[in-house]
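These notes concern the structure reproduced below.
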Amino acid sequence: MKIAIFGNNQAAISLAANFKEIDAQVTVFSSSDLQAQEIEVRQCQVTQVSKLNLVQGETVSGRSRICDLFRVTFEMNTAQNLEEQKKDNPSVFENLSQSMIATLQGKIEMAEDFDLVIDLRPSTVLSPIGKSNAYALNERIYSSHENFIPNISDIEIDGDCFIYGWGNSLAKTIIESSKKNIKNVFIFYPKGKTRDDLLDSISKVYLSDLTKIFQGLDKELEENKKTHENALSKWNSYEEYERVKYPKPELKPLSFQEFSDMGVVSIDRLEEHNKFFITYEPYSKFDQSAATDVKTLGAKYIINAQNKLIDEQIYRFLDKSEDGLFKIGEVENYEIEELFESLFNEIKKYFSKN
């Protein structure tokens, strides 16, 4: 089994080492200068991944498209390699013309064929946070603001936070938020997703900490309900002329508030308040009346905690869902063991006799 891994950090090397232990032949393609022992690393720029024989959309009767190899095309700057070759084999270059040497010193594209491709490349591209996975009004305008951020790990937070995201990225952001002194955190889940779905989707690395946070929120809710019930009972015991003197007790909101099936419609900002104002509404259920309950909340920070998108341009000649191509995105070293186990189980399905 021959595997190509694309990645720019040590996690790509660690994953390659795991596959090498099961006798796979692995090559790491990286635009960074990664150092590794016993792992083949190509410092280059991958420009294209295609199938060796199949065109986009073509099928093979009774077989998966994985029966055809992936052709990985990559661009290398040969100048450095040329200098090394000159030192190792000077006699080879004595008979070469200057024009030939000049040609060899430029960039050149090469290609190699693989059974599987695993993409761990980093990206800075994030999906929009607006309703129906589109941009909310003014999102493009404010997304470059210093308080519209992808994570909160490296900054001091001194105000309420609005968080939209999913998977490990959202889990990590919630955990980091819980360690900071934030009065209000508003967590918006994608359409159709709930807390339980989030817990099912994340890595074991985050599961324990996130579960404890949610258990704490449930406990906080129960305590708030008891306090509210006691206050409401006391308020109801007043005579009518006394009630008008005091506002009706309201349930205290949680420090972390969760929102499901709510879509962000627009983002506005008032600099005098140093706040974003996020307008949201529920998704319509077409067997019921249309959603009209539009609300707005204020937050100093907007955190787009979605997983970053991989650059798809190199895959434009492949099917959108291509067997044997795993688009993972950048991961950290501590996630590799779990990732390897998951990938290995998927790969075994392709080579099963059943």
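The values are calculated or read from the model by the stated rules, or taken from the named source; none is laboratory data. Bear in mind that the values here come from a model prediction, so they are computed numbers and not experimental data. Positions of Cβ are generated from backbone atoms using ideal geometry, with glycine treated the same way; all protein chains shown enter the neighbour counts.
Do we have SER203 as among the polar types (S, T, N, Q) and either under 20 Å from the mean Cα position of the chain (by Cα) or closer than 25 Å to TYR283 by Cα (or both) here?
On the way: among the polar types (S, T, N, Q): yes; either under 20 Å from the mean Cα position of the chain (by Cα) or closer than 25 Å to TYR283 by Cα (or both): yes.
Criteria met by SER203.
Do you know which residues across region 237-259 are within 23 Å of the chain's Cα centre (by Cα) and either surrounded by fewer than 15 Cβ atoms within 10 Å (Cβ to Cβ) or over 25 Å from ASP218 (Cα atoms) (or both)?
If we filter region 237-259 for residues that are within 23 Å of the chain's Cα centre (by Cα), which is where we start, we get 256-259.
Once the filter is applied, which keeps residues that are within 23 Å of the chain's Cα centre (by Cα) and either surrounded by fewer than 15 Cβ atoms within 10 Å (Cβ to Cβ) or over 25 Å from ASP218 (Cα atoms) (or both), region 237-259 yields only GLN257.
Tell me which residues, restricted to region 19-35, are surrounded by 15 or more Cβ atoms within 10 Å (Cβ to Cβ) and not hydroxyl-bearing (Ser, Thr, Tyr). Answer for region 19-35, where residues must be surrounded by 15 or more Cβ atoms within 10 Å (Cβ to Cβ) and not hydroxyl-bearing (Ser, Thr, Tyr): PHE19, LYS20, ALA24, VAL26, VAL28, PHE29, LEU34. Return the total of residues in region 13-31 being part of a loop (DSSP other than H, G, I, E, B) and under 21 Å from the mean Cα position of the chain (by Cα). Residues that pass the stated criteria total 1. With respect to (1) modelled with pLDDT of 95 or more; (2) not in a loop (DSSP other than H, G, I, E, B), the lone exception for LYS193 is condition (2). The residues of region 204-242 that are among the small types (Gly, Ala, Ser) and either in contact (Cβ under 8 Å) with a residue 60 or more places away in the chain or under 19 Å from PRO253 (Cβ atoms) (or both), listed by number, are GLY216, ALA231. Could you tell me how many of the residues in region 43-57 are in contact with a Leu (Cβ under 6 Å, 6 or more places away or on another chain) and either β-branched (Val, Ile, Thr) or not in a loop (DSSP other than H, G, I, E, B) (or both)? Result for region 43-57: 0.
For residues that are buried (at least 17 other Cβ atoms within 10 Å of the Cβ) and more than 20 Å from the chain's Cα centre (by Cα), scanning just region 1-12, find the one that is farthest from ASP119 (Cα to Cα). Even if it seems obvious, please write down each step before you answer.
We begin by selecting, within region 1-12, every residue buried (at least 17 other Cβ atoms within 10 Å of the Cβ); these are 3-9, 11-12.
Now drop any that are not more than 20 Å from the chain's Cα centre (by Cα), which leaves 3-4.
Values: ILE3: 11, ALA4: 8 Å.
Top of the filtered list is ILE3.
Can you pull out the strands (runs of 3 or more DSSP E) entirely within region 260-354 that have at least 1 residues that are surrounded by fewer than 17 Cβ atoms within 10 Å (Cβ to Cβ) and at pLDDT below 90?
262-270
Which one is modelled with the highest pLDDT among residues in region 196-212 that are among the hydrophobic types (A, V, I, L, M, F, W, C) and more than 17 Å from SER260 (Cβ to Cβ)?
The residue in question is LEU207.
When region 129-151 is limited to residues that are of a type in the set (Gly, Ala, Ser) and without any contact (Cβ under 8 Å) to a residue 12 or more places away in the chain, the one that is farthest from LEU270 (Cα to Cα) turns out to be ALA134. Output the residues belonging to region 152-177 that are touching a residue at least 40 places away in the same chain (Cβ under 8 Å) and either surrounded by fewer than 16 Cβ atoms within 10 Å (Cβ to Cβ) or over 20 Å from PHE214 (Cβ atoms) (or both). The answer is ILE157, ASP158, GLY159. Within region 40-82, being at pLDDT below 90 and touching a Cys at 6+ places or on another chain (Cβ under 6 Å) holds for one residue alone: MET76.
State yes or no: is TYR206 in a helix (DSSP H, G or I) and surrounded by fewer than 10 Cβ atoms within 10 Å (Cβ to Cβ)? Spell out the reasoning first.
Values: in a helix (DSSP H, G or I): yes; surrounded by fewer than 10 Cβ atoms within 10 Å (Cβ to Cβ): no.
Taking the combined requirement at face value, the residue does not satisfy it.
Being of a type in the set (Ser, Thr, Tyr) and modelled with pLDDT of 90 or more is the filter here; which residues of region 213-245 pass it?
We begin by selecting, within region 213-245, every residue of a type in the set (Ser, Thr, Tyr); these are 227, 233, 237-238, 241.
THR227, SER233, SER237, TYR238 - these are the residues of region 213-245 that are of a type in the set (Ser, Thr, Tyr) and modelled with pLDDT of 90 or more.
Only residues that are among the β-branched types (Val, Ile, Thr) and farther than 9 Å from LEU34 by Cα: list them for region 5-20, please.
First pass over region 5-20, keeping only residues among the β-branched types (Val, Ile, Thr): 5, 13.
Correct list: ILE5 only.
Report whether or not ALA11 is in contact with a helix residue (DSSP H, G or I) (Cβ under 6 Å, 6 or more places away or on another chain), modelled with pLDDT of 90 or more and at negative phi. Against the criterion (in contact with a helix residue (DSSP H, G or I) (Cβ under 6 Å, 6 or more places away or on another chain), modelled with pLDDT of 90 or more and at negative phi), ALA11 qualifies.
When only residues in region 36-69 that are more than 17 Å from TYR350 (Cα to Cα) and among the aliphatic types (A, V, I, L, M) count, which is surrounded by the most Cβ atoms within 10 Å (Cβ to Cβ)?
Going through region 36-69, the residues more than 17 Å from TYR350 (Cα to Cα) turn out to be 36-50, 52-58.
Right, trim to among the aliphatic types (A, V, I, L, M) and you get 36, 39, 41, 46, 49, 52, 54-55.
Details: ALA36: 15, ILE39: 19, VAL41: 20, VAL46: 20, VAL49: 23, LEU52: 11, LEU54: 18, VAL55: 10.
Per the criteria, the residue is VAL49.
Considering only residues of region 144-174 that are of a type in the set (Val, Ile, Thr) and part of a loop (DSSP other than H, G, I, E, B), which is nearest to GLY263 (Cα to Cα)? By that ranking, first place goes to ILE152.
Can you name the residue in region 99-124 that is hydroxyl-bearing (Ser, Thr, Tyr) and more than 28 Å from SER321 (Cβ to Cβ) and, of all such residues, is modelled with the highest pLDDT? First the steps, then the outcome.
Initially, region 99-124 is screened for residues hydroxyl-bearing (Ser, Thr, Tyr), giving 99, 103, 123-124.
From the residues that got through so far, the ones that are more than 28 Å from SER321 (Cβ to Cβ) too are 99, 103.
Numbers: SER99: 65, THR103: 60.
Restricting to residues being hydroxyl-bearing (Ser, Thr, Tyr) and more than 28 Å from SER321 (Cβ to Cβ), the top hit is SER99.
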